[in-house]
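Readers should treat all values here as calculations from the given coordinates under stated rules, not as data from a laboratory. In this text, all values refer to a predicted model and were calculated from it rather than measured experimentally. Glycine gets a Cβ as well: all are built from the backbone with ideal geometry, and neighbour counts include every protein chain shown.
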Amino acid sequence: GLGEDAAIAFNESTFALAKQARVAPTAVFRDIVGSADAVAKFTSATGDNIAQAAIQAQRLGVGLDTSAKIAESLLDFQSSIQAELEASALIGRRLDFQRARELALTNDIAGAVQAVVAQLGSEEELNNLNSIQREAIAKSIGVSNAELAKVVGKQKELNSLADVFASGPSIVETLKAEDSLSNLTKIIAEVKKLGTAVITAL
């Protein structure tokens with residue numbers, strides 16, 4: 001639903017932010033395109049929140065759909081709170097996803113995921129839990145055991161990303177993004193021209 005200028009600005013800023021976060025921009029764009037439901041449900045006015053969530057998901061080794069699942073699970077308040085309490089009782093430690101729920105409610109998926117992961121403990125602590133305890137934690141945030149293991153194992157990645165998101169893409173990265181997207185536009189135009197020539201010939 002963005003206008004042309006807004007869409008171009010979104011592409012440039014997302015490309016630059018991905019590069020600064022050391023994530024392949026093509027993987028980020030592919031993930032966004034493949035997560036239509038999440039994009040439709042959570043996109044803010046500028047779409048920057050989706051860009052950040054997709055970049056974060058790539059760094060965590062999951063997809064935007066997984067991050068969206070966490071946000072959606074948190075927003076199912078009754079089930080989420082009940083699952084949170086059950087998981088807390090089973091692991092003998094209080095989980096508190098209230099801040100994560102507040103962030104999810106404002107469509108800040110990346111912030112919600114970070115707030116959740118901060119509550120889950122270290123990878124070593126997760127590995128010391130039994131299968132029932134791990135399943136309870138996974139259920140409390142709406143993901144599978146495999147997805148839980150991935151996000152817990154990349155906690156350090158989240159801290160460094162928070163700094164990148166706070167500062168935004170640097171001027172240098174933005175200029176690189178504009179140049180790269182300009183070249184991409186030229187390539188697409190040439191492909192279209194070639195396609196037209198082939199059709200005409202046929």
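Volume of the convex hull of the stretch 10-63 (Cα atoms only), normalised per residue: 64 Å³. Entry note, the stretch 52-135: relative contact order of 27 percent, from Cα contacts under 8 Å with a spacing of 6+ residues. Compute the label zone of Ser44 within the stretch 148-166: residues whose backbone N is under 19 Å from the point 7 Å along Cα-to-Cβ. Under 19 Å, as judged by backbone N against the label point of Ser44, lie 158-166 of the stretch 148-166. Remark on the stretch 87-140: hydrodynamic radius 11.7 angstrom, per the Kirkwood mean of 1/r across alpha carbon pairs. Taking a virtual spin label 7 Å from the Cα of Asn159 along the C-beta vector, which residues in the stretch 97-118 bring their backbone nitrogen under 20 Å of it? Correct set: 100, 110-118. Computed about its Cα centre, the charge dipole of the stretch 40-92 is approximately 180 debye, with only Lys, Arg, Asp and Glu carrying charge at their Cβ.
With the largest listed first and rounded to whole Å, the semi-axes of the equivalent ellipsoid of the stretch 7-113 from the Cα gyration tensor are 28, 14, 11. For the cross-link pairs Lys69/Lys150; Lys41/Lys156; Lys19/Lys41, the ones whose C-alpha atoms lie over 21 Å apart are Lys41/Lys156; Lys19/Lys41. Spin-label model, Ser144 to Ala89: label points 7 Å out along the Cα-to-beta-carbon direction sit 2.8 nm apart.
Charging the Cβ of each Asp and Glu at -1 and of each Lys and Arg at +1, and nothing else, the dipole of the stretch 114-170 about its Cα centre rounds to 120 debye.
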